[in-house]
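K.L.:
Got a structure for you, written out below as structure tokens; questions coming shortly.
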Amino acid sequence: MVDMVKKVHKKGAEFLNAAEKIEGAAVVQAVGQFKKQVAFGAVGGLVGAAIGQAVKGSAEKAESGSLADSFPNAKQAILAISNQRWILFEQSVMSGGPKGVLAEWPLDQIVRIDLEKGKLTSKVNIIFSDESIAQVEAVKGAKPEALAEVAAARR
């Protein structure tokens, strides 16, 4: 799997502040997005699209006004932690690198990352300082546990 830390530094340097260094990063997507992709790929065409639309994600909705409510529900993004902040990058379909910043948070606003491991994907629970939780998923190859470890080391 691609080293997303290197990819963010190489393809997303324009989005980083002076002296900012990405310490961990993983590709994340809306909960249920992987199942939709598999359904479309397995069946293809209009039938696959219909099945993909019928597959519902099971992410819990963040409480309105909470910090988790500020987490955009992107189809596919790169969640990164730097020495200065948390950053959610929009991910380019073509290069896989960052193509813009969707959101950012000070380091103290995201207190930890918890994983609920599945066979092919893990639910990634992003716990904010107000105890609200944003949920996304990451495929195993994206190595979300490495991002969770970096977050835990910063505490």
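K.L.:
Which numbered condition trips up E149, out of (1) farther than 12 Å from I81 by Cβ; (2) part of a helix (DSSP H, G or I)?
P.N.:
Condition not satisfied by E149: (1).
K.L.:
Here's another thing I want to ask about it. Within segment 66-121, work out how many residues are assigned to a strand (DSSP E or B) and of a type in the set (D, E, K, R).
P.N.:
Of the residues in that region, 8 qualify.
K.L.:
Let me ask something additional. Between a first residue in segment 73-97 that is more than 14 Å from V5 (Cα to Cα) and a second residue that is part of a loop (DSSP other than H, G, I, E, B), which pairs have beta carbons less than 7 Å apart while being 6 or more apart in sequence or on different chains?
P.N.:
Qualifying pairs under 7 Å: N73/A30; A74/A30; K75/A30; Q84/N17; Q84/E20; E90/A74.
K.L.:
Give me the residue from segment 101-133 that is among the small types (G, A, S) and at pLDDT below 95 and, out of that set, surrounded by the most Cβ atoms within 10 Å (Cβ to Cβ).
P.N.:
S122
K.L.:
Ok, one more. When A62 is evaluated against the numbered criteria (1) at pLDDT below 75; (2) surrounded by fewer than 17 Cβ atoms within 10 Å (Cβ to Cβ), which criterion, by number, is the only one it fails?
P.N.:
If we test A62 against (1) at pLDDT below 75; (2) surrounded by fewer than 17 Cβ atoms within 10 Å (Cβ to Cβ), just (2) comes out false.
The values are calculated or read from the model by the stated rules, or taken from the named source; none is laboratory data. Everything numeric here is computed off the predicted structure, so don't read it as measured data. Glycine also receives a Cβ, built like all others from the backbone with ideal geometry; neighbour counts cover every protein chain displayed.
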